[in-house]
Amino acid sequence: MEKIKIGIFIDTYLPMIDGVTMVVENYAKRLNKIADVTVFCPKGKDKKYVDNFEYKVVRCKSLKVPHYDYTLPIPQFDCKFKKALKNSDLDIIHIHSPMGVAKLATKYAKKHNIPCVVTLHSQYKQDIKKMAHFNWLTNLVLKKLMKTINSCTEAWAMNEDNKRLFIEDYGINIPVKDIQNATDLQYLTNKDEIRAEIRKNYDIKDDEFIFVFIGRINLIKNLLFLVDSLKIMKQKGLKFKMLFVGAGQDEDKLKNHIKICGLEKDCVMCGRVSDRQELAKYYSAAHLFLFPSLYDTSSLTQIEAASQKTPTVFLQDAVTANQITDGVNGIVTKNDVEDFAQRIIDILSDENKYSELCENTYRDIYINWDMVTKTVYDKYINLIENNLSKDKKDV
């Protein structure tokens, strides 16, 4: 059988790192072993960066956006990009960002009568509102975004809450299927050595618990709530060091809030860590991964944490906590800084329950990309074959 040609479309890509970027990178490098993969994406802020992938990457022009982590793709003004897409001879399209590059992708799919899948990664209304500010403008942009999504063959959601959100709140009217996220990280067996290394690197005392947050430093992730809860933990006598691993537009705001709360000696801004093995060490060393975000729909970070048997602490009503049974394979607290702090203190005070929680987290939440991409490829094939069968019936 001839290799199928897959076009993956995303509005930001490496060297910029976020959850969606990591999903696409893991899809692309694995699928390219059995298919012909091209990632269509914008140029980033780093003009010196040179692509070096096993699969094809086609980049379009983009504009810098002041005070924002991402660039704005403008593929409609890039003749080379449009020519590359025109000559790509794709069999299926997969959209991971239904904004900048997606419009050209859906037009291509319609013109060539091929399947088009869209993955629902984010709560787009919140993203749009943060940039647009006005409700009327937010609703207008969201309406156009949903028009693009609803022009696809089907949508993929990471969990039932993610699916329900788009059906009930966003007005999606195409089939929505379940496809889990995963991780490329594998369990590091030398946990004690790794924890000792991290303690040494950040001057963490032996009687201090290690907490981590890994991701974009953006207040939309509820990071001020997290710092407020840390203040309460400290007031109650818990000894800890909080490691914020990542970079983003709100670093100064986070640092300022840490200072206001008197936690400069208890919190460390570690910066961005790109090396995956180094990143795994942070998860491995941590006693808990603290993730109070109500924005994310399905975070890779909780799966990455689970790969190292590190439980995650969530808030109630977090879509990304869909697979969590409180106290069994994670902690789900009330949306209250006092409760968030106390639940952490309680679980760390019971060694047996904590150890059981760690093992259950690995058992229930960890899943690797090799398993997921096999499912993805099979779904691609089914969509292509069903589309061909439909064409024959129409004839």
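The values are calculated or read from the model by the stated rules, or taken from the named source; none is laboratory data. Just so it is clear, the model here is predicted, and its values are computed rather than measured. For neighbour counting, all protein chains shown are included, and Cβ atoms are generated from backbone atoms with ideal geometry for every residue, glycine included.
In table form, for the structure just shown:
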{"quantity": "Residues being within 21 Å of PHE225 (Cα to Cα) and of a type in the set (D, E, K, R) - total across the range 309-362", "calculated": "8"}
{"quantity": "Matching option when the condition is touching a residue at least 60 places away in the same chain (Cβ under 8 Å) and within 26 Å of TRP156 (Cα to Cα), among TYR295, TYR283", "calculated": "TYR295"}
{"quantity": "Of the criteria (1) in the same structural domain as LYS309 (by TED's automatic domain parsing); (2) loosely packed, with under 14 Cβ neighbours inside 10 Å; (3) not aromatic (Phe, Trp, Tyr), which one ARG195 fails", "calculated": "(2)"}
{"quantity": "Cross-chain or 6+ apart pairs with Cβ under 6 Å, the range 368-386 first and more than 14 Å from VAL23 (Cβ to Cβ), then outside any helix (DSSP H, G or I)", "calculated": "TYR380/ILE92; LEU383/PRO115; ILE384/ASP91; ILE384/ILE92"}
{"quantity": "Number of positions in the range 91-112 that are assigned to a loop (DSSP other than H, G, I, E, B), aliphatic (A, V, I, L, M) and out of contact with any strand residue (DSSP E or B) (no Cβ under 6 Å at 6 or more places or on another chain)", "calculated": "1"}
{"quantity": "From the options ILE344, ILE365, ILE384, residue that is out of contact with any helix residue (DSSP H, G or I) (no Cβ under 9 Å at 6 or more places or on another chain) and of a type in the set (A, V, I, L, M, F, W, C)", "calculated": "ILE384"}
{"quantity": "Tabulated pairs, the range 341-358, first assigned by TED's automatic domain parsing to the domain that holds LEU230, second assigned to a helix (DSSP H, G or I) and of a type in the set (D, E, K, R), C-beta under 7 angstrom, 6+ apart or interchain", "calculated": "ILE347/LYS353"}
{"quantity": "Residues (more than 27 Å from the chain's Cα centre (by Cα) and surrounded by 13 or more Cβ atoms within 10 Å (Cβ to Cβ)) located in the range 329-352", "calculated": "GLU338, GLN342, ILE345, ASP346, LEU348"}
{"quantity": "Members of the range 113-147 found to be loosely packed, with under 14 Cβ neighbours inside 10 Å, aromatic (Phe, Trp, Tyr) and assigned to a helix (DSSP H, G or I), listed by number", "calculated": "TRP136"}
{"quantity": "The range 224-252, residues that are surrounded by 15 or more Cβ atoms within 10 Å (Cβ to Cβ) and of a type in the set (Lys, Arg)", "calculated": "LYS231, LYS234, LYS241"}
{"quantity": "Residues of the range 302-317 classified as buried (at least 24 other Cβ atoms within 10 Å of the Cβ) and either assigned to a loop (DSSP other than H, G, I, E, B) or at pLDDT below 95 (or both), total", "calculated": "3"}
{"quantity": "Considering residues of the range 52-90 that are touching a strand residue (DSSP E or B) at 6+ places or on another chain (Cβ under 7 Å) and of a type in the set (S, T, N, Q) only, the residue modelled with the lowest pLDDT", "calculated": "THR71"}
{"quantity": "From the options LYS29, LYS56, LYS80, LYS43, residue that is surrounded by fewer than 16 Cβ atoms within 10 Å (Cβ to Cβ) and either among the basic types (Lys, Arg) or touching a Ser or Thr at 6+ places or on another chain (Cβ under 8 Å) (or both)", "calculated": "LYS80"}
{"quantity": "Where a residue in the range 210-239 is in contact (Cβ under 8 Å) with a residue 24 or more places away in the chain and farther than 24 Å from ARG199 by Cα and its partner, wherever it lies, is in a loop (DSSP other than H, G, I, E, B) and among the small types (Gly, Ala, Ser), with Cβ under 6 Å and at least six apart", "calculated": "ASN218/GLY248; LYS221/SER293; ASN222/SER293"}
